[in-house]
Structures are given as structure tokens and as C-alpha cells.
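Written below as C-alpha cells is the structure these notes are about.
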Amino acid sequence: MELAGIPVRRIGERIVEGIDPTLLVLILTLSMLGLAALFSASIDTPSRVTAQVINLFVALAAMWLVAQVPPQTMMRFAIPAYVIGVCFLIAVALFGDVVNGARRWLHVGVTRFQPSEMMKLALPLMLAWYFHKHETTLRLHNFAIASLLLVVPLGLIARQPDLGTAALVGAAGFYVIFFAGLSWKVLGTLIGLGLAALPIGWGFLHDYQRKRVLTLLDPTTDPLGAGYHIIQSTIAVGSGGLWGKGWLNGTQAHLEFIPERHTDFIFAVFSEEFGLIGNTILLVLYFLLIGRGLYIAANAATVFARLLAGAISLMFFTYAFVNMGMVSGILPVVGVPLPFLSYGGTALLTLFIGAGILMSVHRYRKLVQT
């Protein structure tokens, strides 16, 4: 059987070409769990589920397209992506829209977008290119230059202010620098300097950011204000017990005690309805996803591909760790979605593009294709 003169079998092979089955199954399983939790969290707003399904198809298409691009081709976009991203961040600081006291959005034509999202991939792309270029002549000053490349967008994002995205972007950049061969001695010195600078950094935080940190230590000091999110989310997580209350039976979510339950706090909804068993399954899926990504990184053909794949794999870890820690009350409340589960098109697109990069690295893991 042929379609437009091309055998149907060949079309099917072309569609799945470059797709890593293991990654795809793990990502789709997480996405299906996310749709189930979102349906429950948005029981009164079914249009969100429809919108998320559309977002999912768009993200899958983007993942497939990226998976077809060789890492060598991606290297050509490293500098342009980084420069454009930084220019957009500067434009946000000058002309961006202010929403809820934060200047994070930029109007482009008839729509608007959040430039900080693109830096989650543009920054590790740029740093991986830089270390690949200087692979044979790495010195301490190269790590200093890489740190400067990291600090510029990080400072612009933190200034918005958006500490959640800044943490994700900073972590993605740090992973590249670490995998490039940053010595433990230098790393220990940097950690020491960072701890010593905490009192200074405290002075640069906004009042609401300081309150979030203080509320983390004792949420009951402001149970109806800054501590409300943590108190309600921890109640939901704990009330799920071993097996959970069952799908669509979460009282904290359906009685609207959990704020932002379809985005940043969807893990609280999932925990209440599926309990410890569900959370264990979720953690195993994330562990397998990150492990698969690191396996792909370890078998990459070039330094560029290895650093980029390693950074993206641990970016998935950072997303999950920060979100779950925030909802469980062990980290301050920041705007970080749960990967592949939280509602939202931009973050989902970023995550699927990251998965597409991993698939590309795995597909082109041999320097000479046969």
C-alpha cells in the first residue's frame, strides 16, 4: 500500500526514526498521570484538560522535530540562541509587562512569552559549545568565562524577580560546568564562598521572598498568608496515606484548599488521591527517566553532546526535586512546575524539546553513521 507514491511502511519508519522508545514510554506515562491529576484538579474547568492535551501534541511534534536534528547542527545555534535569549531578557527588563509585581513577560506581535524559559536550554547549549570548543586546552580561566556566561542571564532573571526559573537556569548551567571537569577543590571553595555570601544575599531579597524562607521554618506564624500554601499542601500529602483517597476523591483539592493546584501544587493533588504508593511509582518513573538520560550522556559521541545531555537529564531532576520539596514543605515556595504533570504549555514544550535533544544525542551516538 502506498500513500502519495511512498510505501506506508516507509512512512511509519520515518515517523518513528530517531525516537528513543524508552524515553518516549516514560515521558508519555508521566504525561498520562499528569492528565489524570489535572482532570481531578480542574474538575470545574474541563477546558484546561483540553488545552493541555493540545499542548501535549504540540510538544510531541516539537520533540520529534528536534530528535531529527544532529547534535553537530545544534552547535551552530548555540551562540545565536544565547545572544537572542539575553537580548530578550534585557528587553523584558526595559519593556516587559508587569504581572503580580514581577516583570517577566514580553509582547511580540499579537502574543507574549516568557524569555527566561528559552534560557533553560539556550544556556546549557551555549556552555556545552564553549567547552567543546576548548576541549583540549581547558584551564581555570575557561571555567571563569563559563561562569560569566552563566551569571549574565541568571542575574537578569533573578532581577525580574523569578527565583524559581533562575534556580532552574542556574542549575542547568552549573551541571554543564561541573561535567566539563570542574575540580572538587574549586567546587568546595565556591560552595564556601556562597555560604559566606548568604547574609549579603539576604539583603538583596524582596520582602515576600524573605517571608517565604522564614515561613518555611515555621508556616504557622502566618497560616492564612505566606504559610497557607505549605500548610495546605502538606495536609494534602499527608492525608493521602498509603493508598490515597482515590482518583477524584481528594477533599483538599475539590474543596479548593490547595492554591495553584493545577500548576505548581499538582503534586499535592496527586499525593492526596494516590497516596504513598502512587508517589513511589512517580519517583521510580522520574528515576528511570533521569537514569536513561545519563546513560545517553555517557555514551555520547562528542563533548558537546555529552555535556548537553547530562545537563538536560539533571534538569529533569531539578524540576522534580524542587517542586516536590516545595509541596512537601522542605523547600521555600517558588514557581517551579512538576515536570510533565503540571498544567502549562511553555514549560511542557521546554521539557519535550529537552527530551528531543536526548533522543538526538542517542541517535547520533556514533561519530560515523552507518
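Would you work out if the stretch 262-360 is rounded, prolate or oblate? Take a ≥ b ≥ c from the square roots of the eigenvalues of the alpha-carbon gyration tensor; rounded if a/c is under 1.5, else prolate when a/b is larger than b/c, oblate otherwise. Walk me through the intermediate numbers first.
Numbers: a/c = 2.25, a/b = 1.85, b/c = 1.22.
Prolate is the answer for the stretch 262-360, as a/c is 1.5 or above and a/b outweighs b/c.
Within the P(r) computed for the stretch 232-314, what percentage of the Cα pairs occupies the region above 15 Å?
On the way: 2086 of 3403 pairs.
Result for the distance tail: 61 percent.
With the cut-off at 40 Å, report for the chain the share of all Cα pairs above it, as a whole percent.
15 percent
Label points 7 Å out from Cα along the Cβ direction at Leu148 and Thr22: separation in nm?
4.0 nm
About its Cα centre, how strong a charge dipole does the chain have in debye, to the nearest 20, once Lys and Arg get +1 and Asp and Glu get -1 at the Cβ?
On the way: 23 positive and 17 negative charges, 218 e Å.
The calculation lands at about 1040 debye.
Quick one: 3J(HN,Hα) in Hz for the stretch 137-147, Karplus 6.51/-1.76/1.60 with θ = phi - 60°, rounded, Gly and Pro as x.
Ordered by residue, 3J(HN,Hα) equals 10, 5, 9, 4, 5, 5, 5, 5, 5, 4, 5 Hz.
What FRET efficiency would be calculated for the residue pair Val98, Leu224, taking the C-beta separation as r and a Förster radius of 41 Å, to the nearest 0.05? Please list the in-between numbers first.
Numbers: r = 26 Å, r/R0 = 0.63.
Given R0 = 41 Å and the Cβ-Cβ separation, E is 0.95.
Mind sorting Glu135, Glu272, Glu256, Glu117 by how few other Cβ atoms lie within 10 Å of their own Cβ, fewest first?
Numbers: Glu135 13, Glu272 30, Glu256 10, Glu117 20.
Fewest to most other Cβ atoms nearby, the residues stand as Glu256, Glu135, Glu117, Glu272.
Taking neighbour counts of Cβ atoms within 10 Å as a proxy for exposure, in what order, fewest first, do Tyr295, Tyr228 appear?
On the way: Tyr295 14, Tyr228 17.
So the ranking, lowest neighbour count to highest, is Tyr295, Tyr228.
Students often get this wrong: which residues of the stretch 134-168 have the backbone nitrogen under 15 Å from the point 7 angstrom along Cα-to-C-beta of Ile90?
Once the point is set 7 Å along Cα→Cβ of Ile90, 149, 152-157 turn out to lie under 15 Å by backbone N, inside the stretch 134-168.
Once phi is turned into θ = phi - 60°, what whole-Hz ³J(HN,Hα) does the Karplus curve with 6.51, -1.76 and 1.60 give for every residue of the stretch 319-333, x standing for Gly and Pro?
3, 5, 5, 5, 5, 5, x, 5, 5, 7, x, 9, 9, x, 6
Laboratory data are not the source of any read-out in this text; all were calculated from the coordinates shown. Since we're looking at a predicted model, the values are computed, not measured. Reconstructed Cβ throughout: ideal geometry from the backbone, glycine too, with neighbour counts over all protein chains shown.
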